[in-house]
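The values are calculated or read from the model by the stated rules, or taken from the named source; none is laboratory data. The shown structure was predicted, so the numbers you read here are calculated from the model rather than taken from an experiment. We place every Cβ from the backbone using ideal geometry, glycine too, and count neighbours over all the protein chains shown. To get the accessible areas, we keep the full protein, side chains included, count just its heavy atoms, and leave off ligands, DNA and RNA. Shrake-Rupley method; radii C 1.70, N 1.55, O 1.52, S 1.80 Å.
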Amino acid sequence: MTERKPPGVSFESFVDRQIREAADRGEFEKLPGWGKPLASMDAPYDALWWVKQKLHREGFSPLPPSLALRKEAEDALETVREARTERQVRAVLTGVNEKIRAALRMPPQGPPLNLAEFDVEAAVADWRAAREAADGAADGRPSD
C-alpha cells in the first residue's frame, strides 16, 4: 500500500517522487509487455475498446453456444493449416473434438450444432501431404 501524502507537500511532487522511486527500484520493468510495442497503436480509435477487451478476457461470446462451437471448429481448421508440427495439429483437433463430443451428449442452446468430430488421423495425413507439397514447391520440384 502506498504511503499517505504528508501535509505541506504538494500532491504533484508527492506523486512524482513515488514514480521516480518505483522506477529506481525497477518496478516498471516487471510489468507484463515491458519493452514490447503496444498492440493497439496502429488500430483506429474505438470508444468501447475496454469493454471488448474485458469480454474477450472473460471468454464471453455474443454468439449462442452452438454457433460459437461451430466458429471454434472453423478456426481450428485454419489453425491446423498453419500448424508447424504434427503435435500441434493433434492437440488442436483433440481439444475441439472434446468440446464437440460434450456438445453432442448435451446439446447447447441455439440452433442445431450440425458438427461431427474431426478425424484426427485423416487431418494429420492431409497436413503432411500439404506440407510435403509446399516443401516440394519450395525446392523447385514438381508436385504429384
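Counting the residues of region 63-80 that are surrounded by 13 or more Cβ atoms within 10 Å (Cβ to Cβ) and closer than 30 Å to residue 132 by Cα gives 7.
Considering (1) among the aromatic types (Phe, Trp, Tyr); (2) open to solvent by 80 Å² or more (accessible area, probe 1.4 Å); (3) part of a helix (DSSP H, G or I), the lone condition that residue 45 does not fulfil carries the number (3). Does region 55-62 include one or more residues that are aliphatic (A, V, I, L, M), modelled with pLDDT of 90 or more, within 24 Å of the chain's Cα centre (by Cα) and open to solvent by less than 100 Å² (accessible area, probe 1.4 Å)? No, region 55-62 contains no residue that is aliphatic (A, V, I, L, M), modelled with pLDDT of 90 or more, within 24 Å of the chain's Cα centre (by Cα) and open to solvent by less than 100 Å² (accessible area, probe 1.4 Å). Cβ-Cβ distances below 9 Å connect the following pairs, each with a first residue in region 11-35 that is of a type in the set (A, V, I, L, M, F, W, C), a second residue that is surrounded by 10 or more Cβ atoms within 10 Å (Cβ to Cβ) and part of a loop (DSSP other than H, G, I, E, B), and a separation of six or more residues or different chains: 11/5; 14/5; 15/5. Please tell me if residue 52 is charged (D, E, K, R) and at pLDDT 80 or above. Here the answer is yes, as residue 52 does meet what is asked. Within region 64-93, residues that are outside any helix (DSSP H, G or I) reach partners that are open to solvent by less than 30 Å² (accessible area, probe 1.4 Å) with beta carbons closer than 9 Å, at six or more positions or on different chains, in the pairs 83/89.
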